[in-house]
1. Can you find a residue that is surrounded by fewer than 20 Cβ atoms within 10 Å (Cβ to Cβ), modelled with pLDDT under 95 and under 16 Å from the mean Cα position of the chain (by Cα) anywhere in region 107-117?
2. Do we find a residue being touching a Leu at 6+ places or on another chain (Cβ under 8 Å) and either touching a residue at least 24 places away in the same chain (Cβ under 8 Å) or not in a strand (DSSP E or B) (or both) anywhere in region 30-37?
3. Within the bounds of region 31-51, is there any residue that is surrounded by fewer than 17 Cβ atoms within 10 Å (Cβ to Cβ), hydroxyl-bearing (S, T, Y) and over 15 Å from the mean Cα position of the chain (by Cα)?
4. Please verify whether F116 is aromatic (F, W, Y) and over 20 Å from L30 (Cβ atoms), treating the condition exactly as stated.
5. Identify, by number, the condition in (1) buried (at least 16 other Cβ atoms within 10 Å of the Cβ); (2) in contact with a Lys or Arg (Cβ under 9 Å, 6 or more places away or on another chain); (3) closer than 13 Å to L42 by Cβ; (4) of a type in the set (A, V, I, L, M) that M92 doesn't meet.
6. Please tell me if E101 is more than 16 Å from the chain's Cα centre (by Cα), more than 14 Å from F60 (Cβ to Cβ) and surrounded by 14 or more Cβ atoms within 10 Å (Cβ to Cβ).
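The values are calculated or read from the model by the stated rules, or taken from the named source; none is laboratory data. Nothing here was measured: the structure is a model prediction, and the numbers come from that model. Here the Cβ is made from the backbone with ideal geometry for all residues, glycine too, and neighbour counts use every protein chain on show.
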Amino acid sequence: MAKGTRLKVVPGNITRPITDKVKGALFNILSNDIEGCIFLDLFGGTGSVGLEALSRGAEFAVFIEKNRAACTILKENITSTRFGESADVFLMDALKYLQKEPDRLFDYIFVAPPQFKALWKKTIYRLEENPQWLDPDGKLIVQIDVLEYEKMDLSHFTEVEQRKYGDTLLLFYERK
């Protein structure tokens with residue numbers, strides 16, 4: 001994070017924040033590859049994952065969040081971390097965002113939707129319809145509860161890795 005900046009959180013259970021352990025593990029996996037990348041944080045919540053990417057050298061991050069309260073907190077967190085020039089925030093539904101024609105390629109797309117609503121699968125299928133969102137050498141990363149996992153038969157993406165941390169599962173996909 002922007003050294004020592006404490007992020008604001010959204011009261012209640014509107015968002016499902018990533019644990020420090022899982023976020024640390026994720027960025028250890030991505031390591032130096034994050035430098036100079038373009039990052040898409042779908043279901044942005046408080047922005048902790050995209051902001052972590054920026055703090056580790058990502059060039060730009062786009063955050064999508066449809067909840068107005070969460071989006072307000074997200075914007076405040078971007079301001080307090082001083083990443084305003086390196087970030088765009090859109091108050092909208094992630095699935096609707098992915099219906100648009102991409103205006104840029106993303107090196108990383110992070111998907112961490114509300115749990116147990118099959119939104120992660122709907123998001124993957126939406127990306128299947130429009131795979132140009134992800135750079136040919138990019139990675140699609142999904143964070144779900146282990147109980148939600150289903151193997152998916154995909155035309156444009158292939159699952160290349162899984163990492164389990166307690167009841168959290170990180171899935172890594174690449175373009176075929």
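1. Taking every residue of region 107-117 in turn, at least one turns out to be surrounded by fewer than 20 Cβ atoms within 10 Å (Cβ to Cβ), modelled with pLDDT under 95 and under 16 Å from the mean Cα position of the chain (by Cα).
2. So far as region 30-37 goes, no, none of its residues is touching a Leu at 6+ places or on another chain (Cβ under 8 Å) and either touching a residue at least 24 places away in the same chain (Cβ under 8 Å) or not in a strand (DSSP E or B) (or both).
3. yes
4. Against the criterion (aromatic (F, W, Y) and over 20 Å from L30 (Cβ atoms)), F116 qualifies.
5. Failing condition for M92: (1).
6. no
Residues checked against (1) surrounded by fewer than 13 Cβ atoms within 10 Å (Cβ to Cβ); (2) on the phi < 0 side of the Ramachandran plot; (3) assigned to a strand (DSSP E or B):
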| position | (1), (2), (3) |
| --- | --- |
| R126 | no, yes, no |
| K139 | no, yes, yes |
| Q143 | no, yes, yes |
| L147 | yes, yes, no |
| K151 | yes, yes, no |
| S155 | yes, yes, no |
| V160 | yes, yes, yes |
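To keep it simple, each residue is scored yes or no on (1) under 21 Å from R104 (Cβ atoms); (2) hydrophobic (A, V, I, L, M, F, W, C); (3) without any contact (Cβ under 8 Å) to a residue 40 or more places away in the chain.
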| position | (1), (2), (3) |
| --- | --- |
| K121 | no, no, yes |
| Y125 | no, no, yes |
| P131 | yes, no, no |
| P136 | yes, no, yes |
| L147 | no, yes, yes |
| D153 | no, no, yes |
| T158 | no, no, yes |
| Q162 | no, no, yes |
| L169 | no, yes, yes |
